[in-house]
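Asker: Here you go, one structure.
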Amino acid sequence: MSQPIYKRVLLKASGEALMGSQGFGIDVTVSDRIASDIAEARAMGVEVGVVVGGGNIFRGVAVASKGGDRVTGDHMGMLGTVINALALATSLRKLDIETVVLSAISMPEICESFSQRATLYHLSLGRVVIFAGGTGNPFFTTDSAAALRAAEMGAQAIFKGTQVDGIYSADPKKFPDAERFDHLTHSQVLEKGLAVMDVAAVALARENSIPIIVFSIHEKGGFGEILTGGGRKTIVSDN
């Protein structure tokens, strides 16, 4: 087995990725496949933290756009991420991968509460750590949560699993002639307004010198391939 480039990483998967071809909810087959990719990374000796979005269940901005309270909507969205985290943890445990869910919102009957100390402890024991509940604050996306948790756990890279195989100048599904980038700096992503992660997340990753690697979450084995230097991806770094 090839040696991984990174020893500790944060994987960010969108909630939409868990839907598969469904219009809502969780496709267990997709959750199991993502879990198998994480298991492959663990077999390489890579320590993995995971942030999963909640867009397959609920988006807080949807409430605000219809005149509702944004704070309440975001709290509802945070609960959606907990559901997704528990589903992915179940898929990992089916593969005998030790996994713990740490939530930014205290719910001790369901999962442990997040702290940096708990994160580093579980990683030291070889467990996959899934971060739920976003940052625990409204008005922040799970992209921001991913950058924040990556910094807190000392991740060497953020792996952003998306619907396409890298960063494009526009949505390639709508604009077939969109330019694809192999490498960008954090500043270029911000200056060009490329919608790969929100501004706060990219700025936080830049501040902490954490590369962002964008790849397709739908390619089985793609996560492991990129960890060893292969695969199709866009790398955002200042090196």
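Every number here is computed from the coordinates shown, using simple stated rules; none is lab data. This one's a predicted model, so the numbers in the text were calculated from it and none came from an experiment. Reconstructed Cβ throughout: ideal geometry from the backbone, glycine too, with neighbour counts over all protein chains shown.
Asker: Tell me whether segment 125-132 contains one or more residues that are under 22 Å from Pro108 (Cβ atoms), surrounded by fewer than 19 Cβ atoms within 10 Å (Cβ to Cβ) and out of contact with any Ser or Thr (no Cβ under 8 Å at 6 or more places or on another chain).
Answerer: yes
Asker: Would a scan of segment 117-130 turn up a residue that is farther than 27 Å from Met76 by Cβ, out of contact with any Gly (no Cβ under 6 Å at 6 or more places or on another chain) and small (Gly, Ala, Ser)? I'd like the intermediate steps shown before the answer.
Answerer: Kept after step one, since they are farther than 27 Å from Met76 by Cβ, are these residues of segment 117-130: 117, 120-127.
Subsequent filtering for residues that are out of contact with any Gly (no Cβ under 6 Å at 6 or more places or on another chain) retains 117, 120-127.
Add one more test, that the residue is small (Gly, Ala, Ser), and what stays is 124, 126.
Looking for residues that are farther than 27 Å from Met76 by Cβ, out of contact with any Gly (no Cβ under 6 Å at 6 or more places or on another chain) and small (Gly, Ala, Ser), one finds at least one in segment 117-130, hence yes.
Asker: Quick one: Gly77 ticks every box in (1) in contact (Cβ under 8 Å) with a residue 40 or more places away in the chain; (2) more than 18 Å from Leu10 (Cβ to Cβ); (3) surrounded by fewer than 23 Cβ atoms within 10 Å (Cβ to Cβ) except a single one, so which number is it?
Answerer: (3)
Asker: Sort out which residues of segment 17-56 are hydroxyl-bearing (Ser, Thr, Tyr) and in contact with a Leu (Cβ under 6 Å, 6 or more places away or on another chain), and write them in order of number. First the steps, then the outcome.
Answerer: If we filter segment 17-56 for residues that are hydroxyl-bearing (Ser, Thr, Tyr), which is where we start, we get 21, 29, 31, 36.
Passing the criteria: only Ser31.
Asker: While we're looking at this one, here's another question. Inspect all residues belonging to segment 83-98 and state whether any of them is buried (at least 19 other Cβ atoms within 10 Å of the Cβ), in contact with a helix residue (DSSP H, G or I) (Cβ under 9 Å, 6 or more places away or on another chain) and over 20 Å from Glu16 (Cα atoms).
Answerer: Yes; the residues of segment 83-98 include at least one that is buried (at least 19 other Cβ atoms within 10 Å of the Cβ), in contact with a helix residue (DSSP H, G or I) (Cβ under 9 Å, 6 or more places away or on another chain) and over 20 Å from Glu16 (Cα atoms).
Asker: Next question, about the same structure. Looking only at segment 165-206, how many residues end up being within 22 Å of Gly154 (Cα to Cα) and not aliphatic (A, V, I, L, M)?
Answerer: 5
Asker: Report, by residue number, each residue of segment 172-206 that is of a type outside the set (Gly, Ala, Ser), in contact (Cβ under 8 Å) with a residue 40 or more places away in the chain and closer than 19 Å to Thr141 by Cα.
Answerer: Passing the criteria: His186, Val189, Val196, Met197, Asp198, Val202, Leu204.
Asker: While we're looking at this one, here's another question. Restricted to segment 220-239, and to residues that are assigned to a loop (DSSP other than H, G, I, E, B) and buried (at least 17 other Cβ atoms within 10 Å of the Cβ), which residue is farthest from the chain's Cα centre (by Cα)?
Answerer: Gly231
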